[in-house]
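Nothing in this text is a laboratory measurement; each read-out follows from the coordinates by a stated rule. Just so it is clear, the structure is predicted and the values come from calculations on it, not from any experiment. Cβ placement follows ideal geometry from the backbone for every residue including glycine, while neighbour counts extend to all protein chains displayed.
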Amino acid sequence: MRTIEIDIRSRAEAEEYILACEKRFNDTIDEALEGIFTHGDIKTIALAGPTCSGKTTTAEKITRRIRKAGKQAVVLSIDDFFLSRADRNVVDGEAPDYDSAAAIDLETLETFMDRLNRGLPVLVPRFDFSSAARVGYHEYIPREEDIYLFEGIQAVYPEVTRLFGPGYKSIFINVNEDCRYGNVVLEKEEIRLLRRTVRDRLFRGATPEFTLHLWETVRANEEKNIFPNAAGCDLHLESFLEYEPFLLANYGVGMLDSVPKDSRYRPAADEVLVELREFDCPYFEESMIPKNSLFREFIGGKE
């Protein structure tokens, strides 16, 4: 468990604390990534993690590290290999399944990887979430200096990883510890839930009630398919930033308060609210967060 012990009394102290947390996080990630690139030539890297674990920012850091090694990074999203809704057995009105291996067009991914590993041109699909459909392709011609980075929660599933071929490295990022502040404990799953609540409300038009509704299925899939398969990954990274509960409180309290009183998800919202309100501090502001911060994945403003 990670314990936060701070006494912030001014805006300047809050900004100083945020920047110190960011530096500590970046130094830790850079040091960990340095180790994975010291063991011979790597052609494929699989980056996985549960929802709202910080995969996008981590992919950017891996890309910079690949370039530092004199190689070129080609980032490929597993999401783009989703089956179109019309090609799945989905009941009208049912929320699309984006978590299980059944959501992936494994046949297309297998053909794609076979050609990629043989250095042949491939067609990279593009998936559009608003229409829940594959909307096109673009051609990619492999180059000798390229390293392929596959990013997505399914990048740890055996059905997917068996297609990567021999010699790939796997990285798993997550919020790995609960957080204690005074007498309050914010569980690691609650931190990701708050990240997702804020992100989905700000950028996907989803109400907090709907996010809580989806969370039950998301967590069930994590326990069944993600975490058991993550144990064998080559590198595990921590994405938690010690200042973020104070910013999540700024955004999340009002959002969770909006869950209707008669909703079946209101008790879950109230449980998190009790903890989140303890992180009230008037000095933390969104403007203090660097534009390249992992936390920007959830509140926006990323460079």
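So here's what we get for this one:
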{"item": "Nitroxide proxy distance, nm - points 7 Å out along Cα→Cβ at Tyr137 and Glu271", "result": "4.6"}
{"item": "Gained length - Lys261 relative to Ser84, 0.36 nm times residue gap less alpha-carbon distance", "result": "60.1 nm"}
{"item": "Top of Phe129, Phe81, Phe25 by mean-square fluctuation, Gaussian network on the chain, Cα under 10 Å", "result": "Phe129"}
{"item": "FRET efficiency estimate (nearest 0.05) - Cβ-Cβ, Arg11 to Ala101, R0 45 angstrom", "result": "0.40"}
{"item": "Residue of Asn221, Asn183, Asn117 that the Gaussian network model of the chain assigns the largest fluctuation, springs spanning Cα pairs under 10 Å", "result": "Asn183"}
{"item": "Computed label-point distance, nm, for sites Val124 and Arg2 using a 7 Å Cα→Cβ extension", "result": "3.1"}
{"item": "Pairs of lysines in the chain (C-alpha under 21 Å apart; 8 or more residues apart or interchain)", "result": "25"}
{"item": "Relative contact order computed over the chain (Cα-Cα under 8 Å; 6+ residues apart), in percent", "result": "27"}
{"item": "Against the rule of thumb 2.2 N^0.38 Å, how large the Cα Rg of region 2-299 comes out", "result": "1.05"}
{"item": "Between region 245-303 and region 38-88, the alpha-carbon center distance in angstrom", "result": "28"}
{"item": "Net charge of Cβ neighbours under 14 Å - reference Lys261; Lys, Arg +1; Asp, Glu -1", "result": "-2"}
{"item": "Point-to-point label distance, Glu286-Asn26, nm (Cα→Cβ direction, 7 Å offset)", "result": "2.2"}
{"item": "Paramagnetic label zone (point 7 Å from Cα along Cα-to-C-beta, Arg204; backbone N under 13 Å) in region 147-169", "result": "153"}
{"item": "Ellipticity estimate at 222 nm from DSSP helix runs (n ≥ 4, -39,500 (n - 2.57)) divided over the chain, nearest 500", "result": "-12000 deg cm²/dmol"}
